[in-house]
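For reference, the structure discussed in these notes is given below.
The values are calculated or read from the model by the stated rules, or taken from the named source; none is laboratory data. The model shown is predicted, which means the values in this text are computed figures rather than measured ones. Positions of Cβ are backbone-derived with ideal geometry, glycine not excepted, and every protein chain shown enters the neighbour counts. The area values use the complete protein model at the heavy-atom level, side chains included, leaving out ligands, DNA and RNA. Shrake-Rupley method; radii C 1.70, N 1.55, O 1.52, S 1.80 Å.
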Amino acid sequence: MERGEILSWLRQDDPRELERLWGLADSLRQENLGDEVHLRGLVEVSSHCGRNCLYCGLRRNNDGLERYRMGEEEILACASRAAELGYFTVVLQSGEDRALDTGKVSRVIRRIRQELPSMAITLSLGERSTEELALWRESGADRYLLRFETSRRDLYRMIHPPSGDDSTSDRFRILHQLRALGYETGSGVMVGIPGQSYSDLADDILAFGSLDLDMIGSGPYLPHPDTPLGRLYRAARAGVAGQVPNSLEMACKVIALTRVVCPQANIPATTALAALDRESGYRLGLQRGANVVMPNLTPPRYRALYQIYPGKAGLSGEEEQHAAVAGMIAGIGRRVGASRGDSPNYLKRTATAHKQGREMKCLQPQA
Ligand code: SAH
Ligand code: SF4
């Protein structure tokens, strides 16, 4: 799809026209990924963060927040819980926490690999060094999620200042590294960041395609009152011309257009979508191009403290949450995934790389 067409869909607000977009995204999802919805068990392993993103409640300077870091055994127990519930992926997410060091993460990955061999491991631990990312991959991590948040450089720099460790933050560079290390690579953006225009969002969607991402998770920006951007949102957002709204419909447009541009990627109906509309957020995401949901398996006493944004969905118990999600999936005529659900985009590009490797070997002179 061309940039102009993406832009006009983003600006479209006629419900009958939008039905065409939802239909197109849903049929592409069906054609490329079938009817399975893959469930990934999310474990928020630490709320400590050394970074100061202007949008996020876990930012370093938010000193009103009680912080926690889960121990190795606690993380392993959550991964086992994911297996008991029939999930094939565990997602370990955290703030950028230096105390969650190379060795500790590596040990956790190895233990999950050993004790739960059919479980895929996804990491979402922020911007980490190439050495760490390489070691974790060697230890058995399969996937890595790192949103680039917005492709507009000045907006990104404004809302995502460098941490003490780096003079610039370049998530595109890290995404290329992750891909080169053999990770199934995921990214995404926030929709409706103060200052974000329709044109910016069209560029974001095109960037998903040019990065050839395997997983793309985007969700609405949700203002947190204890952050600089949350305060700015409250003070200035009303009536700003050309501002992208942080609405459910706009987030769904991004999901649908992402499906059109990247038909073989795994696309979650994100937690932020459900936080915006508890009743139908997940369902609408799944009916408009998404094929993944990430139920929260963080122990409840920690979950309440992992306040990236207010009103996070998933504060109910695991069983209850699982029953609600599974019921919703059946209710829309889909079924819960019964395999790891690797991204077809990843499987295709890695198969091509292996094939090319084999061909190169054949061409080499025999000793
Ligand atoms: N520290 C890691 C992972 C945790 S944050 C990282 O930054 O990558 C995970 C995601 O939460 C971020 O990528 C961001 O897109 C999202 N997020 C943070 N604050 C948010 C807010 N106020 N509204 C919506 N999403 C937010
Ligand atoms: Fe830290 Fe991630 Fe939040 Fe930024 S978005 S403050 S890196 S947890």
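Hey, does region 262-272 have a residue that's over 16 Å from the mean Cα position of the chain (by Cα) and under 24 Å from residue 34 (Cα atoms)? Can you show your working first?
At the first step, the residues of region 262-272 found to be over 16 Å from the mean Cα position of the chain (by Cα) are 263.
Then drop every residue that is not under 24 Å from residue 34 (Cα atoms), which leaves 263.
Checked region 262-272: at least one residue is over 16 Å from the mean Cα position of the chain (by Cα) and under 24 Å from residue 34 (Cα atoms).
Looking across region 128-148, the residues that are out of contact with any helix residue (DSSP H, G or I) (no Cβ under 6 Å at 6 or more places or on another chain) and among the charged types (D, E, K, R) come down to 128, 131, 137, 138, 142, 143, 147. With respect to the conditions (1) β-branched (Val, Ile, Thr); (2) open to solvent by 40 Å² or more (accessible area, probe 1.4 Å); (3) closer than 24 Å to residue 47 by Cα, residue 270 lacks only one, and its number is (2). Going through (1) within 15 Å of ligand 2 (Cβ to nearest atom); (2) not in a helix (DSSP H, G or I) one by one, residue 194 falls short only on (1).
Name the single residue that is farthest from residue 229 (Cα to Cα) among those in region 55-64 being surrounded by 19 or more Cβ atoms within 10 Å (Cβ to Cβ) and not small (Gly, Ala, Ser). Spell out how you get there, then give the answer.
Start the filter on region 55-64 by keeping residues that are surrounded by 19 or more Cβ atoms within 10 Å (Cβ to Cβ), which leaves 55-59.
Still in the list and also not small (Gly, Ala, Ser): 55-56, 58-59.
On the way: 55: 5, 56: 8, 58: 13, 59: 12 Å.
Per the stated criteria, the residue is 58.
Selection of region 133-156 for residues being within 15 Å of ligand 1 (Cβ to nearest atom) and over 17 Å from residue 94 (Cα atoms) yields 150, 151, 152, 155, 156. Applying the criterion of at least 3 residues that are more than 24 Å from residue 338 (Cβ to Cβ) to the helices (runs of 4 or more DSSP H) found wholly in region 258-316 leaves 271-276, 300-303. Only one entry in 295, 220, 299, 263 is open to solvent by 30 Å² or more (accessible area, probe 1.4 Å) and not hydrophobic (A, V, I, L, M, F, W, C), namely 263.
Checking every residue in region 53-65 against the condition of being away from ligand 2 (no atom under 16 Å from the Cβ), closer than 30 Å to residue 161 by Cβ and at pLDDT below 95 gives zero matches. Here region 273-292 is the region considered, the condition is being open to solvent by 50 Å² or more (accessible area, probe 1.4 Å) and out of contact with any helix residue (DSSP H, G or I) (no Cβ under 8 Å at 6 or more places or on another chain), and the residue that is nearest to ligand 1 (Cβ to nearest atom) is 278.
Taking the numbered list (1) touching a helix residue (DSSP H, G or I) at 6+ places or on another chain (Cβ under 8 Å); (2) in contact (Cβ under 8 Å) with a residue 40 or more places away in the chain; (3) surrounded by 20 or more Cβ atoms within 10 Å (Cβ to Cβ) in turn, residue 91 passes all entries but (1).
The set of residues in region 174-189 that are more than 11 Å from ligand 1 (Cβ to nearest atom), of a type outside the set (Val, Ile, Thr) and either open to solvent by less than 10 Å² (accessible area, probe 1.4 Å) or part of a helix (DSSP H, G or I) (or both) comprises 175, 176, 177, 178, 179, 180, 183, 184. Any idea how many residues of region 137-173 are assigned to a loop (DSSP other than H, G, I, E, B) and within 16 Å of ligand 2 (Cβ to nearest atom)? Counting residues in region 137-173 that are assigned to a loop (DSSP other than H, G, I, E, B) and within 16 Å of ligand 2 (Cβ to nearest atom) gives 14.
Of everything listed in (1) under 28 Å from residue 351 (Cβ atoms); (2) open to solvent by less than 20 Å² (accessible area, probe 1.4 Å); (3) within 13 Å of ligand 1 (Cβ to nearest atom), the single unmet condition for residue 251 is (1).
Test residue 118 against the criterion of being within 16 Å of ligand 2 (Cβ to nearest atom) and among the polar types (S, T, N, Q), and give yes or no. Spell out how you get there, then give the answer.
Details: within 16 Å of ligand 2 (Cβ to nearest atom): no; among the polar types (S, T, N, Q): yes.
No: the conditions fail for residue 118.
Kindly indicate whether residue 152 is in contact (Cβ under 8 Å) with a residue 24 or more places away in the chain, among the basic types (Lys, Arg) and buried (at least 18 other Cβ atoms within 10 Å of the Cβ). Answer is yes for this residue. Checked against (1) assigned to a loop (DSSP other than H, G, I, E, B); (2) out of contact with any Lys or Arg (no Cβ under 8 Å at 6 or more places or on another chain); (3) open to solvent by 10 Å² or more (accessible area, probe 1.4 Å), residue 213 meets all criteria but (3).
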